[in-house]
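Here is the structure we will look at.
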């Protein structure tokens, strides 16, 4: 009875082990490599699979997800013989599970070492100052070199990123001094440019002010000249109108008698002013006779009227 019980237990354990080795469930985004009697048989994709127990064996399991691995820090020598510490991170993906299983042992370690050697080679081609500027170029060159080498391994190199570049302490001090000097130089240049622009602005303002003043003076002189011309024209028109009014008045009844009286009044008034001064003057003898003076004036007016009438 005890022997039968033990045999049943062994049989149950055998069935459980057989079922465990027969049924396989592959998770999403993974692949299993199956060997049959030690030789590659097939690659299992995601899903449920049945294997032959004790004959088929899952030898390798690979994830198809993108993987990121740190590339250890290493010392690189630049073109100008400066030692710098550089570390990075590499992103890769298994695209062929069979090649990743049999193409190379420990593909992660292999790609990391290849990335380090390629990085040392690329850093050695450029000077220290350019290493900080050429990160994208260095990353692209490392990806290109490692991807071509990893293609037989069934691994795709997606990208490589330099995390940090650490030059020696003495070099960092020199770089800081250089950067400080460059900032001071830029500050001096900016200040001088500002002063230069300020002087230019002041001179432009003075020039514009001079132009505006000259234009104002020009307009002032033009306006004054136009005012004087207008004044002369108005005076001439008023004088001409007065003369025409006098000529018209002479033709009216009693006009000549009024003119005679007016001329006589003005003559007496002005001659009286001459008598009040101490000046000694020589005048024609007939000017003392008022009647003679009036006759002379009227004769002049008559001649003027005849000349005007004679003109076409």
Over the range 107-251, what number does the Rg to Rh ratio reach, with both radii from the alpha-carbon atoms and Rh per Kirkwood? 1.76
Kirkwood calc, the range 2-63, C-alpha pairs only, radius in angstrom 12.8 Å
Quick one: 41, 8, 101, 121, fewest Cβ neighbours within 10 Å first, how do they rank? 8, 121, 41, 101
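If I stretch the segment between residue 166 and residue 208 completely, what's the gain in nm (0.36 nm per residue apart, minus their alpha carbon distance), one decimal?
Stretched fully, the residue 166-residue 208 segment lengthens by 9.4 nm.
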For residue 19 and residue 77, what does the FRET efficiency come to when R0 = 45 Å and r is the distance between their Cβ atoms, rounded to the nearest 0.05? 0.15
Using a 7 Å offset from the Cα along the Cα-to-Cβ direction at both residue 85 and residue 230, what is the distance between the two label points in nm, to one decimal? 9.1 nm
Using only the alpha carbon atoms of the range 1-147, find the Kirkwood hydrodynamic radius as the inverse mean reciprocal pair distance, in angstroms to one decimal. 19.0 Å
5 Å-binned pair-distance histogram of the range 67-167 (Cα, whole percent): 2, 14, 26, 23, 15, 10, 6, 3, 1
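Every number in this text was worked out from the coordinates using simple rules, so none of it is lab data. Computed from a predicted model, the values in this text were never measured in an experiment. Heads up, the Cβs are rebuilt from the backbone with ideal geometry, glycines too, and the neighbour counts pull from every protein chain shown.
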